[in-house]
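The values are calculated or read from the model by the stated rules, or taken from the named source; none is laboratory data. All values reported here derive from a predicted model rather than from experimental measurement. Cβ sites come from the backbone with ideal geometry, for glycine too, and all protein chains shown count toward neighbours. Note: areas computed on protein heavy atoms with side chains; ligands, DNA, RNA excluded. Shrake-Rupley method; radii C 1.70, N 1.55, O 1.52, S 1.80 Å.
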Amino acid sequence: MPDEFPQNEPGGSRRRWITPLRKAYYRFLKIRGNPREIALGFALGLFIGMSPFMGLHMAIAVPLAALFKWNKFSAALAVWISNPLSAPVIYGITYYVGKKVLFIENGYQLPTEFSLDALIYTLQKAPGIIGILMVGGIVVGLPLATVGYYFALKAITEYRESIRLKIEAKKATLANKLKRKKPPKKKKKTNLR
């Protein structure tokens, strides 16, 4: 991982989005623990991140990861797939999928203007909306968690393998340098008469 990420390059606005993601990716790779447990925690976090309980995702994922003895940190990191920027897209997709799975033709329609009546109507429909979002979250979350598990496992094992190979190469280089520095020992002549 480069120590510094230059900020003043062409395409700077794209760089502002990529740099934090790249740093987060490298920090994820450096999580300590068993790669399988880290990947399972990550998959759990992705699955929980598809649920409609934004704001409670971490409070749900971390205890579940602890219960299953999976990596709590990777679970907490993965729930951030659902954040204030991505939530409208994620919840739109999970609501649509949930409606299709439950065969609901006319689901909840957003009110065109804000009023007390519209708020009351929305609160009355909330249990149905949450149910649709939960079904859609499960249907979308299971394949996402599966893909996330294999992605995380592969990324972590490849990263650790590359580190292991670098360490072995450095050890070999150091051993060769030490061999060249030491003069060969002269054998003493022994006279056996």
Margin query: Consider the range 46-71. How many of its residues are surrounded by 23 or more Cβ atoms within 10 Å (Cβ to Cβ) and either among the basic types (Lys, Arg) or more than 18 Å from Val89 (Cβ to Cβ) (or both)?
Written below: 4
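Determine, yes or no, whether Phe5 is over 17 Å from the mean Cα position of the chain (by Cα) and either open to solvent by less than 80 Å² (accessible area, probe 1.4 Å) or at pLDDT below 95 (or both). Quick ask: steps written out before the conclusion?
Numbers: over 17 Å from the mean Cα position of the chain (by Cα): yes; either open to solvent by less than 80 Å² (accessible area, probe 1.4 Å) or at pLDDT below 95 (or both): yes.
So Phe5 fits the description; yes.
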Next item on the list: Starting from residues that are surrounded by fewer than 17 Cβ atoms within 10 Å (Cβ to Cβ) and among the aromatic types (Phe, Trp, Tyr), keep the ones in the range 12-45 and report whichever is nearest to Ser86 (Cα to Cα).
Entry: Trp17
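Being farther than 12 Å from Met50 by Cβ, loosely packed, with under 12 Cβ neighbours inside 10 Å, of a type in the set (D, E, K, R) and without any contact (Cβ under 8 Å) to a residue 24 or more places away in the chain, is that true of even one residue in the range 112-124?
First pass over the range 112-124, keeping only residues farther than 12 Å from Met50 by Cβ: 112-124.
If we keep only those that are loosely packed, with under 12 Cβ neighbours inside 10 Å as well, we get 112-117, 119-120, 123-124.
Cutting the leftovers down to of a type in the set (D, E, K, R) gives us 113, 117.
Then keep just the ones that are without any contact (Cβ under 8 Å) to a residue 24 or more places away in the chain; that gives 113, 117.
Yes, because at least one residue in the range 112-124 is farther than 12 Å from Met50 by Cβ, loosely packed, with under 12 Cβ neighbours inside 10 Å, of a type in the set (D, E, K, R) and without any contact (Cβ under 8 Å) to a residue 24 or more places away in the chain.
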Check: Hey, does the range 48-57 have a residue that's in contact with a Gly (Cβ under 9 Å, 6 or more places away or on another chain), under 30 Å from Ile163 (Cβ atoms) and of a type outside the set (A, V, I, L, M, F, W, C)?
Finding: yes
Notebook entry, point to check: Any idea which of Val89, Val97 is free of Cβ contacts under 8 Å to residues at least 12 places away in the same chain and farther than 20 Å from Tyr149 by Cβ?
Noted result: Val89
